Each structure stands twice: as structure tokens, then as C-alpha cells.
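See structure below.
The values are calculated or read from the model by the stated rules, or taken from the named source; none is laboratory data. Note that the structure is predicted; figures quoted are calculated from it, not measured. We place every Cβ from the backbone using ideal geometry, glycine too, and count neighbours over all the protein chains shown.
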Amino acid sequence: MIMKGKKGLIIGVANNKSIAYGIAKAISAQGGEFALSYFNEQMEKRVRPIADELGCKYVYRLDVGSPDEIEAVRAKIEQDFGKLDFLVHAVAFAPKEALDGRFVDTSKEAFNIAMQTSVYSLIDVVRRLLPALNKNASILTLTYLGAVAVVPHYNVMGVAKAALEASVRYLAADLGAEGIRVNAISAGPIRTLAASGIGDFRMIMKWNEANAPLRVNVTIEQVGASAMYLLSDLASGVTGEIHYVDAGYNITGMGAVEEIDGKASLVWDRVKNSQ
């Protein structure tokens, strides 16, 4: 089993439809051991059953915006595991109003919240947990195509993801001498709790399905399998990478066009009108 003997921490499991859950399930299936975290009491009620399902013994309270809670988790990790072989950061947030309307109207407060929660949390968690990471540990975070191209209703989160991807590269350069790898997965649209805040998300999924080379939307199981690879020794020579798991959508340069009544029409228009 590929992850047998590996120990880690997965931050960001929200429910059994989240990408982080897909990652946890893939790691568990390959013999890995890990702790899960929850943000507050409400999230704890969702995470505990998942921990039981996956045979996870340790569940920690962790607000990634709280240095004290990160330090407390490090102490628990050192007590429960000794040191970790992998770390998954699946945390992102922006106020709902910042994901609608024009990007130019983004407030300073919304911008700071998106950057602090979605980007700086990775840096802070890695720095504070570094003493609890083995020298060959692997770190993984989650990004999206909106980091490198405009996606409707993504707005400030696209800017945050761009900063996150840059942070992956700089962290990889910082930690490579210690043998620690840092990568990100850019997954295609998946119907998760986080995605529920994005307007017209159903239409975005249909558009992705119509235009991706594989003509499908990816699943949390597919993303989980790719994550498991990046976290395992199979990817020991891979760091600083943004790995796309999106049925190939990121390689497309033009939307699909069909002929209706002798005129070219974007598939997007038909999808939008079918809502």
C-alpha cells in the first residue's frame, strides 16, 4: 500500500462531498494514517462522523487564523504522531458579496479576508508546523483555474488563488533543501460546500463538461487519487507544481461553438438558456 506508514494532517474536510474528504479517503485506502481538523463546534459535528468512517483516531480544533490554535495543534501532533509525513491545506474563503458583481468593486475588507484565509493561512500553518514535519514531508494545497484566467463570479478568490500558487513556488524553494515538497492541485469545478457560494455554478459545471477534452466533470475521487500520488513517495521528485485535475479543461483556448439556424452560437448560450 502506497501510503502505509505515512502520517499526516488534513485541514479543511467540510463534509463527505468536499475535495479534502476525497483526499482523506484515498490516503486511507492506501494505508495512510492522519488527523483531521475542524473550525468550530458546528463543523465538528460534520467532521467527527467522517473521522469514524475513515478510522481516524485524532480530530483537532483548528482555526488557521489563530496562531495559538496552530501552535496547540503542533503540540498535539508531536504527542500523537511524533512527526508528520504529509500536510493537506484545503482552506479558502471570501465574503459572498465579493464573488458577485464587478471585481473592481471589491472592498478592502473582503480582499484582506480572502488573502488571509486562503493564502496566508498556508504560509503560517507551514511555518508553525515545520518542526513537526519529517525531512521528506509533502505539503499540498488546493487551487483553481481562476488563478490564471478569468472565471465568472470568482473575482477576488481568483486573485487569492494566484497568490496561493505563487506561495507554493516560494515555499517549495524555501523548503526544498530540507527535502520537503510543496505542490498544489488545480481541480475542475466540483459541487462542494465551498462552491455553493459561486453564482451560476451549475452553468459553470455544464460549460466545463461541454468543453473539457474528456467531456466530463471530475470527481472528488479522481482529485483524491492525484493528491495521494503527490503526497506519496511516488512523487518524490515533484515540487513547486500546479497539477491540473480538470478533465483537461485548462488546455482549451476557445469555447465550443454550434450552428443554430445558420448562425454560430456558443454552447454557453444554450447552457445558460436551459437553466
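Only one of these is part of a helix (DSSP H, G or I), over 18 Å from the mean Cα position of the chain (by Cα) and in contact (Cβ under 8 Å) with a residue 12 or more places away in the chain: 234, 230. Name it.
Details: 230 fails: over 18 Å from the mean Cα position of the chain (by Cα).
Exactly one residue qualifies, and that residue is 234.
Out of the residues in region 171-194 meeting the condition of being of a type in the set (Val, Ile, Thr) and either modelled with pLDDT under 95 or more than 16 Å from the chain's Cα centre (by Cα) (or both), tell me which one is surrounded by the fewest Cβ atoms within 10 Å (Cβ to Cβ). Can you show your working first?
Taking region 171-194 and keeping what is of a type in the set (Val, Ile, Thr), we get 180, 182, 185, 190, 192.
Filter again for either modelled with pLDDT under 95 or more than 16 Å from the chain's Cα centre (by Cα) (or both), leaving 180, 190, 192.
Working: 180: 21, 190: 23, 192: 19.
Ranking the qualifying residues of region 171-194, first place goes to 192.
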Consider region 1-48. How many of its residues are part of a helix (DSSP H, G or I) and β-branched (Val, Ile, Thr)? 4
Of the residues 168, 156, which single one is surrounded by 20 or more Cβ atoms within 10 Å (Cβ to Cβ), in contact with a Gly (Cβ under 8 Å, 6 or more places away or on another chain) and of a type in the set (A, V, I, L, M)? 168
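Residues are listed down the side, and each one gets a yes or a no for (1) surrounded by fewer than 19 Cβ atoms within 10 Å (Cβ to Cβ); (2) of a type in the set (Phe, Trp, Tyr); (3) modelled with pLDDT under 70; (4) farther than 22 Å from residue 16 by Cβ:
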{"residue": "196", "(1), (2), (3), (4)": "yes, no, yes, no"}
{"residue": "201", "(1), (2), (3), (4)": "yes, yes, no, no"}
{"residue": "213", "(1), (2), (3), (4)": "yes, no, no, yes"}
{"residue": "238", "(1), (2), (3), (4)": "yes, no, no, yes"}
{"residue": "249", "(1), (2), (3), (4)": "no, yes, no, yes"}
{"residue": "252", "(1), (2), (3), (4)": "yes, no, no, yes"}
{"residue": "257", "(1), (2), (3), (4)": "yes, no, yes, yes"}
{"residue": "265", "(1), (2), (3), (4)": "yes, no, yes, yes"}
{"residue": "270", "(1), (2), (3), (4)": "yes, no, yes, yes"}
With (1) in contact with a Leu (Cβ under 8 Å, 6 or more places away or on another chain); (2) farther than 22 Å from residue 126 by Cα; (3) free of Cβ contacts under 8 Å to residues at least 24 places away in the same chain as the list, and residue 50 as the residue in question, which single condition is left unmet? (3)
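Among the candidates 57, 83, 76, 6, which residue alone is farther than 28 Å from residue 157 by Cβ, crowded, with 20+ Cβ neighbours inside 10 Å and among the basic types (Lys, Arg)? Please lay out each step first, then the result.
Details: 57 fails: crowded, with 20+ Cβ neighbours inside 10 Å; 83 fails: crowded, with 20+ Cβ neighbours inside 10 Å; 76 fails: crowded, with 20+ Cβ neighbours inside 10 Å.
Of 57, 83, 76, 6, the one residue that is farther than 28 Å from residue 157 by Cβ, crowded, with 20+ Cβ neighbours inside 10 Å and among the basic types (Lys, Arg) is 6.
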